Amino acid sequence: MPDNMPFIIGAFALTWVVLLGYLVHLYRARRDATRRLQQATDDLSGGIK
Amino acid sequence: MGVGTVELSVAPARARRSTGMLIGLGVFLLLAATQAYSISISTPDRDMGHLQKIMYVHVPAAWNMMIAYFIVAIASLRYLWKGREKDDLLAAAAAETGALMTGLTLALGMIWGKPTWGIWWTWDARLTSTAVLFFIYVGYLILRAFVDDPDRRAQWSAAVGLLGALNVPIVYMSVRWWRTLHQVQSSPSTLDPNYTLSLRINAIAIMIVVLFFIRHRYQTMQLEAAADAMHERIALGDRGGINA
């Protein structure tokens, strides 16, 4: 195993943690925005579908 | 200006969310494949050994941070010119992704710097100018979070977004304009062909990830703006006429 392997693994692991973490954040933000829009639509239509 | 006028309905938003998840899965599988390929074919560098492989994440992150800021600059200019909300939202989405990639670039550079230079950080021109770029766009995001008036937020953001983008050429040229610890830009003529191919495919894969992030964030911001506009109408006592 190369001496610098912890740095190499650390770099790739950090990249995946950051990118996947942001992906999860994006999906949560989308879910919340959709929910808020649904709520606003329901409120604005006064319950009429 | 046209801020606060976006209206979207919920059903297409849900359909886009499902499609977005599938696209996201595909994008990340592509990134995993390009990284696995690059790691498997790259021979150790004469000087750096296997550490050279960090290039496949550090350099693409840096290049794509610049692409994100280029989008910020174009969208900000368009907003200042035409005053359309969608340009403001696109600039904001690209700025958020750009700040993320800048933070990642800095962190990866530190991980590469420690075993190569013997230090995590130094006030070198390239490192310092990149850190300044990072803090400008963190400031941009803080500004957006603290200004309530949509028109004022969009105008100030466009100004800061453009000023921040002016720093990008300085970051790029810093290794040539000043004597720095950071090496000058590599080119295909100075790289082993195996490294060049691997670098390019990883840069393309991360570019697709970045464009996916920007698109996804932009669509979410449109939904948030539409919900805000509806809540404003509710607060003003306007009800009726909406088809979900």
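The values are calculated or read from the model by the stated rules, or taken from the named source; none is laboratory data. Since the model is a prediction, treat every value here as computed from it, not as a measurement. Quick reminder, even Gly has a Cβ in these numbers, built from the backbone with ideal geometry, and neighbours come from all protein chains shown.
So the values come out like this:
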read-out	value
Members of region A:6-49 found to be under 30 Å from B:P44 (Cβ atoms) and either more than 7 Å from every other protein chain (Cβ to nearest Cβ) or out of contact with any helix residue (DSSP H, G or I) (no Cβ under 9 Å at 6 or more places or on another chain) (or both), listed by number	A:P6, A:I9, A:A13, A:W16, A:V17, A:L20
Filtered residues of region B:169-220 (kept if under 25 Å from B:S40 (Cβ atoms), small (G, A, S) and crowded, with 17+ Cβ neighbours inside 10 Å)	B:S198, B:A203, B:A205
Yes/no for B:D228 being within 14 Å of another protein chain (Cβ to nearest Cβ) and touching a residue at least 60 places away in the same chain (Cβ under 8 Å)	yes
Residues of region B:94-125 classified as closer than 26 Å to B:R144 by Cβ, among the hydrophobic types (A, V, I, L, M, F, W, C) and more than 10 Å from chain A (Cβ to nearest Cβ), total	4
Residues being modelled with pLDDT under 95 and of a type in the set (G, A, S) - total across region B:51-78	0
Complete set of residues in region B:186-206 that are within 15 Å of B:N64 (Cβ to Cβ), in contact (Cβ under 8 Å) with a residue 12 or more places away in the chain and not β-branched (V, I, T)	B:L199, B:N202, B:A203, B:A205
Residue match in region B:57-72 (condition: more than 12 Å from chain A (Cβ to nearest Cβ), over 11 Å from the mean Cα position of the chain (by Cα) and either farther than 30 Å from B:M110 by Cβ or in contact (Cβ under 8 Å) with a residue 40 or more places away in the chain (or both))	no
Yes/no for A:D3 being loosely packed, with under 13 Cβ neighbours inside 10 Å, of a type outside the set (K, R) and either free of Cβ contacts under 8 Å to residues at least 40 places away in the same chain or assigned to a helix (DSSP H, G or I) (or both)	yes
Residue in region B:85-100 that is farther than 25 Å from A:L26 by Cβ and either of a type in the set (D, E, K, R) or assigned to a helix (DSSP H, G or I) (or both) present	no
Any chance B:I142 is surrounded by fewer than 18 Cβ atoms within 10 Å (Cβ to Cβ) and either touching a Leu at 6+ places or on another chain (Cβ under 8 Å) or under 22 Å from A:R30 (Cα atoms) (or both)	yes
